[in-house]
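Peer 1: Let me give you the structure first, and then I'll get to my questions.
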Amino acid sequence: MEREMQYSAKQDIKSLNQKELENLFVSFGEKSFRARQVYHWMHVKHATSFDEMSNISKSFKEKLEECCALTVLRQKLVQRSTLDETAKYLFELADGNMIESVRMKYKHGNSVCISSQAGCRMGCRFCASTLGGLTRNLTPAEMLDQIYRIQEDIGERVSHVVVMGTGEPLDNYDHLLKFLELLSDENGLNISQRNITVSTCGIVPNMRKLAKEKLQITLAISLHASSQEKREELMPVARKYGIDELLKACEEYFVQTGRRITFEYSLVGGVNDQPQDARKLAGLIRGLNCHVNLIPVNPIKERAYVQPAGQAVMDFKQILEKQGITVTVRREMGRDIDGACGQLRRRQMNK
């Protein structure tokens with residue numbers, strides 16, 4: 001894991017927990033308390049350079065510059081919605097790759113949706129994130145710094161985090177776990193695990209691994225279909241992990257964690273939004289401790305998929321509710337600023 005996190009010879013210290021940082025600094029011949037100081041500068045003060053660390057000696061700063069890398073994303077572009085307080089950020093990584101993140105303002109506070117990979121290899125048919133394939137995984141520091149940069153930009157605390165931007169989080173499993181550890185650390189941003197959602201298209205082996213961690217995060221499953229045939233049409237991953245196997249893994253996840261599953265269901269006009277689709281979906285998930293989040297698909301120019309009519313969305317919702325399924329329709333946010341995952345990144349890369 002450490003080798004993958006290093007894109008230079010320098011140690012990526014923002015991806016280390018406080019104990020790992022302590023061990024590193026002791027190996028430098030420094031006192032162990034230096035780890036607490038540097039950790040605070042990185043994860044509470046959100047320092048962008050070692051020079052900002054005012055209680056660190058000049059000689060130690062020189063050692064840090066020589067041996068360590070401080071991951072700081074560069075804000076390339078920000079689009080602010082005129083319809084609501086949503087903002088979409090394009091960040092540049094140290095190697096020139098670009099990723100995007102979204103800040104959404106709710107009554108309960110600021111929620112940030114972050115990317116976990118540069119690109120994606122899952123190939124979901126309605127998603128712009130996957131059109132260019134996967135470039136590489138993000139490090140824990142690169143995931144964290146999306147939140148830190150947004151928090152610094154808005155001057156307000158982020159209270160909720162959703163790992164649902166570009167990339168498949170469970171395809172970057174080890175780095176995701178470290179990110180969740182650092183994000184919920186009481187010595188850092190200290191976001192409650194119950195305020196963290198991780199989305200997956202359904203990589204079953206890693207869902208089972210995650211269940212054994214017994215985290216209190218919300219796991220959101222990108223389901224998007226009520227039959228194996230239709231799911232394969234929309235999501236190539238379904239050819240490897242069938243819908244029955246996926247739902248079995250969801251049952252196991254609830255048993256081991258006690259956390260209700262969320263099913264994300266993108267409604268595509270004329271494809272998966274018919275009454276028979278709703279009835280089949282209800283039959284498929286009935287008995288599971290779950291919640292369904294209906295999402296009218298965000299059209300992208302590379303695909304012919306369109307949003308369903310508003311009445312079709314409400315009819316779908318009512319059919320599920322009559323079957324005893326808890327269901328909501330996702331509030332559309334940032335529609336005027338390349339709202340769909342991957343749209344902004346792809347447009348900038350095409351330029």
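No lab work stands behind these numbers, since they all come straight from the coordinates. What you see is a predicted model; the values in this text were computed from it and never measured. Don't worry about glycine lacking a Cβ; one is built from the backbone with ideal geometry, like all the others, and counts go over all protein chains shown.
Peer 1: Along the Cα-to-C-beta direction of E20, a point sits 7 Å from the Cα; which residues of the range 111-126 have their amide N less than 18 Å from that point?
Peer 2: Taking a point 7 Å out along Cα→Cβ of E20, the residues of the range 111-126 whose backbone N falls under 18 Å are 116-117.
Peer 1: When we measure straight from the Cα of K212, which lysines land under 21 angstrom away, once same-chain ones fewer than 8 places off are left out?
Peer 2: K178, K248
Peer 1: Name the residues whose placed amide hydrogens come within less than 5 Å of the amide hydrogen of V327, ignoring near sequence neighbours (fewer than 5 apart) on the same chain.
Peer 2: Those lying under 5 Å, H to H, from V327 are V292.
Peer 1: Can you give the FRET efficiency to the nearest 0.05 for N55 and K107, using r as the Cβ-Cβ distance and R₀ = 41 Å?
Peer 2: Values: r = 38 Å, r/R0 = 0.93.
FRET efficiency, N55 to K107: 0.60.
Peer 1: If I compute semi-axes √(5λ) of the Cα gyration tensor in Å from the structure I just sent, which labelled value in (1) 34, 24, 20; (2) 52, 34, 24; (3) 38, 21, 18 lines up?
Peer 2: Correct label, based on the coordinates given: (3).
Peer 1: Run the dipole for the range 74-350 about the Cα centre, Lys and Arg Cβ at +1, Asp and Glu Cβ at -1, nothing else charged, and hand back the magnitude in debye, nearest 20. Spell out each step's value before the answer.
Peer 2: On the way: 38 positive and 33 negative charges, 76 e Å.
For the range 74-350, the charge dipole is close to 360 debye.
Peer 1: If you don't mind, there's one more thing I want to ask. Any chance you could run the full-extension gain for K209 through S32? It's 0.36 nm times the residue separation minus the Cα-Cα distance, nm to one decimal. Working shown, then result.
Peer 2: Working: separation 177, 0.36 × 177 = 63.72 nm, distance 3.30 nm.
Contour length minus Cα-Cα distance gives 60.4 nm.
Peer 1: Can I ask one more? Work out from phi, with θ = phi - 60° and the Karplus expression 6.51 cos²θ - 1.76 cosθ + 1.60, the ³J(HN,Hα) of each residue of the range 29-46, listed in order in whole Hz, and give x for Gly and Pro.
Peer 2: The phi angles translate into x, 9, 6, 5, 5, 4, 4, 4, 5, 5, 4, 5, 4, 6, 9, 10, 7, 6 Hz.
Peer 1: Then there's this: Which one of L183, L288, L223 has the biggest mean-square fluctuation once the chain is modelled by GNM with Cα springs under 10 Å?
Peer 2: In this elastic network of the chain, the residue with the biggest mean-square fluctuation among L183, L288, L223 is L288.
Peer 1: While we're on this one: Reachable aspartates and glutamates from K322, Cα under 13 Å, same-chain residues fewer than 8 places away excluded?
Peer 2: Counting by Cα, and skipping residues close in sequence, K322 has no aspartates and glutamates nearby.
Peer 1: Further question on the same structure: Hey, in the GNM for the chain with a 10 angstrom Cα cutoff, which one of I243, I295, I154 fluctuates hardest?
Peer 2: Its mean-square fluctuation being the largest, the pick is I154.
Peer 1: Taking the chain as the reference, fit the longest principal axis to its C-alpha atoms, fit the long axis of helix 58-67 to the helix C-alpha atoms, and give the angle between the two in degrees, 0 to 90, nearest 10.
Peer 2: With rounding to tens, the tilt is 50 degrees.
Peer 1: Taking GluC sites (Glu not before Pro) that fall in a DSSP loop and have at most 15 other Cβ atoms within 10 Å as cut points, what is the longest piece of the chain between them?
Peer 2: Numbers: sites that count: E85, E156, E186, E302, E332.
Of all site-free stretches, the longest is 187-301.
Peer 1: Treating the angle as unsigned and between 0 and 90°, give the value, to the nearest 10°, between the Cα long axis of helix 275-285 and the longest Cα principal axis of the chain.
Peer 2: That works out to roughly 60 degrees.
Peer 1: Between R121 and Q216, with labels modelled 7 Å along Cα→Cβ, what's the label distance in nm to one decimal, could you check?
Peer 2: In this crude spin-label approximation the distance works out to 3.5 nm.
Peer 1: Give me the extension gain from K322 to H291: residue separation times 0.36 nm, minus the current Cα-Cα distance, reported in nm with one decimal.
Peer 2: Details: separation 31, 0.36 × 31 = 11.16 nm, distance 1.40 nm.
Stretched fully, the K322-H291 segment lengthens by 9.8 nm.
Peer 1: Tell me, what ³J(HN,Hα) does each residue in the range 313-320 have, in order and in whole Hz, if you take phi through Karplus 6.51 cos²θ - 1.76 cosθ + 1.60 with θ = phi - 60° and put x for Gly and Pro?
Peer 2: Per residue, the Karplus-derived 3J(HN,Hα) values read 5, 5, 5, 4, 4, 5, 4, 5 Hz.
Peer 1: Positive end of the charge dipole of the range 74-350 (Lys, Arg +1 and Asp, Glu -1 on Cβ, about the Cα centre): tell me which of S192, P236, A128 has its Cα farthest that way.
Peer 2: Ranked along the dipole, the leading option is P236.
Peer 1: A further question on this structure: Enumerate the calculated ³J(HN,Hα) couplings along the range 183-190 in order (Karplus 6.51 cos²θ - 1.76 cosθ + 1.60, θ = phi - 60°), each rounded to whole Hz, writing x wherever the residue is Gly or Pro.
Peer 2: Taking θ as phi minus 60°, the curve returns 5, 9, 5, 5, 8, x, 5, 6 Hz for the range 183-190.
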